[in-house]
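These notes are about the structure you will find just below.
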Amino acid sequence: MARRRRGRERIVVGLDVGTTKVACLVANVFDSEIEIIGMGTAPSRGLDKGVVVDIGRTIQSIRKAVEEAENMADVKIRSVYVGIAGQHIRSINTTGTVAITHPGRVIKRSDIRRVIEAAKAIPIPPDMQLIHVIPRQYKVDGQEGITDPEGMTGTRLEADVHLVLGSVTAVRNLIRCIKYLRIDVKQIVLQPLASSLAVLSSAEKELGVVLLDIGGGTTDISIYKGGDIWFSRVIPVAGQHITNDITVGLQTPIEEAERIKKEYGTCLVDSVDDNEKIEIATIGGDGTKLVSRKRLAKIIEARVEEILDLAMEEVENAGYKDIVPGGLVITGGTALLDGIVEFAQARYGLPARRGQIPQGIHGLRDIVESPIYATAIGLLKYAVEFKDLEPSRESEGGWFNTVLKWLRAILWGG
Ligand SMILES: Nc1ncnc2c1ncn2[C@@H]1O[C@H](COP(=O)(O)OP(=O)(O)OP(=O)(O)O)[C@@H](O)[C@H]1O
Ligand SMILES: [Mg+2]
């Protein structure tokens, strides 16, 4: 049944293919207001540390999440914005410079394109491709902080750009799974970028802030300053590793380890009473045993400490430790772990908080308020408001997109 559409209303779909779950959100977008009208989730079976390793199983998981969302929203999903992560992701800040020589020296769209091309002109290994080209700022004759130089007068135009690269194989495999379901990929979006759009305020991004999306298989790091993204990285340790440690440490099945982590887990060892015991299942039998909750907390604390240290080491190595007065924002499913915010705050002496979904999101708000859906919501926000100069789908788009690009260039000069 067709939905009745208002004026400039449109349907936008965010698909988060995570290591532990696939989440699909369908939204009605009117101007920049996002109303979530459908959601679907499915356990994710074909990924390892954020990357598709089994196409058949990934397709099954995506299909289930998509069908559920379609049924709830009563729409047929034809295209999606999809997130990508994994250790293959690289990001780099570059600068491009061009001279403005035409009469009057008024900067045109074509000059902006030229300067971006110059900033993009870095050697890219053949097994990597550009995923994002994000302009951070422009400078006209040395004057900084310009967001759109079109129409300004000057002789030298510079652009500071954040480039995100990813493995061609990882991108292709993800796209293949979605295309198999006859769904078009509008854009591949870096997961940390998507999460940041969902949970960071513009004030935080201005001040300087580190966002950690600690999911199941990956911890995604992004750093913002002066309103712009400065750094993004994905490291392959997260919540699943905590669960694995509990499995080994307490000799219990993985499902049981997952359950007790969520139910009794904390990374504040000192907050747990020495004598407190919990009943857990034993491996390979139907028996149960009593274990100390403090022991559970110690196992969790050790791994959380390692994950956070690795993430903060990346921040420090990149030279950004001192530019983040906004502190740490933690999101992703592992942000739900008891005490993780307090632990991070104490360990790094930085203000820390759990990511909250911002204003402007309506509809199934109570359901999607969980940090587990930060990436999926961020994908919707990306679709609605983000300025990206490299729609990465074009690299997979084949002849049709090439012709389209070519026609666009002839008709509109762009
Ligand atoms: N209440 C909780 N306490 C502790 N951990 C939790 C809780 N709820 C969920 N988690 C953990 O969060 C993780 C899943 O988070 P999320 O859904 O963000 O991951 P994902 O997007 O599937 O994976 P990734 O982003 O790493 O590819 C799992 O490891 C799960 O155990
Ligand atoms: Mg995730």
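Since every read-out is calculated from the coordinates, none of them should be taken as a lab result. This structure is a prediction, so every number in the text was calculated from the model and none was measured. Here the Cβ positions follow ideal geometry from the backbone for every residue, glycine too, while neighbour counts run over all protein chains shown.
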Checklist outcome for this item: One would report the Cα pair-distance distribution of the range 248-397, bin width 5 Å, in %, as 2, 8, 13, 15, 14, 15, 13, 9, 6, 3, 2, 0, 0
Checklist entry - Can you pull out the chymotrypsin sites (Phe, Trp or Tyr not before Pro) in the range 290-386 that DSSP calls coil and that have at most 16 other Cβ atoms within 10 Å? => result none
Next on the checklist: How compact is the range 158-312 by the rule of thumb for globular proteins, expressed as Cα Rg over 2.2 N^0.38 Å?
Outcome noted: 1.34
Checklist outcome for this item: Scoring the chain by relative contact order with C-alpha pairs under 8 Å, at least six apart, yields a percentage of 18
Checklist entry - Roughly how many nanometres apart are two label points built 7 Å out from the Cα toward the Cβ at Glu67 and Glu342? => result 4.4
Checklist entry - Which whole DSSP H helices in the chain pass both tests: a Cα extent of 30 Å or more along the axis and a mean Kyte-Doolittle value no lower than -1.0? => result 293-317
Next on the checklist: Using the crude model of +1 on Lys and Arg Cβ and -1 on Asp and Glu Cβ, and no other charge, please compute the dipole size for the range 202-354 relative to its Cα centre, in debye to 20.
Outcome noted: 80
Next on the checklist: Taking 4 °C and 1.567 mPa s as the conditions, I'd like the Stokes-Einstein D for the chain in µm²/s, using the Kirkwood hydrodynamic radius from alpha carbon pairs.
Outcome noted: 57
Checklist outcome for this item: Sorting Gly40, Ala346, Leu290 by the position of each Cα along the dipole of the chain (Lys, Arg +1; Asp, Glu -1; all at Cβ), the one nearest the positive end of that ordering is Gly40
Checklist outcome for this item: antiparallel share of DSSP beta bridges within the chain, to nearest 5, in %, is 75
Checklist entry - With each label point set 7 Å from Cα along the Cα-Cβ vector, what nm distance links Thr155 and Arg172? => result 4.8
Checklist entry - What number comes out for the charge environment of Pro253, summing +1 per Lys or Arg and -1 per Asp or Glu over other residues with Cβ under 13 Å away? => result -1
Checklist outcome for this item: Karplus ³J(HN,Hα) for the range 11-25 (6.51 cos²θ - 1.76 cosθ + 1.60, θ = phi - 60°; Hz, whole; x = Gly/Pro) runs 9, 10, 10, x, 10, 9, 9, x, 6, 10, 8, 9, 10, 10, 10
Checklist entry - Just in the range 89-195: which trypsin sites (Lys or Arg not before Pro) are loop by DSSP and have at most 12 other Cβ atoms within 10 Å? => result Arg182
Checklist entry - If contacts are Cα pairs under 8 angstrom and at least 6 residues apart, what is the relative contact order of the range 219-294 in percent? => result 21
Next on the checklist: Can you compute the helix-only [θ] at 222 nm over the chain? Use -39500 (n - 2.57) per DSSP H run of at least 4 residues, normalise by all residues, nearest 500 deg cm²/dmol.
Outcome noted: -11000 deg cm²/dmol
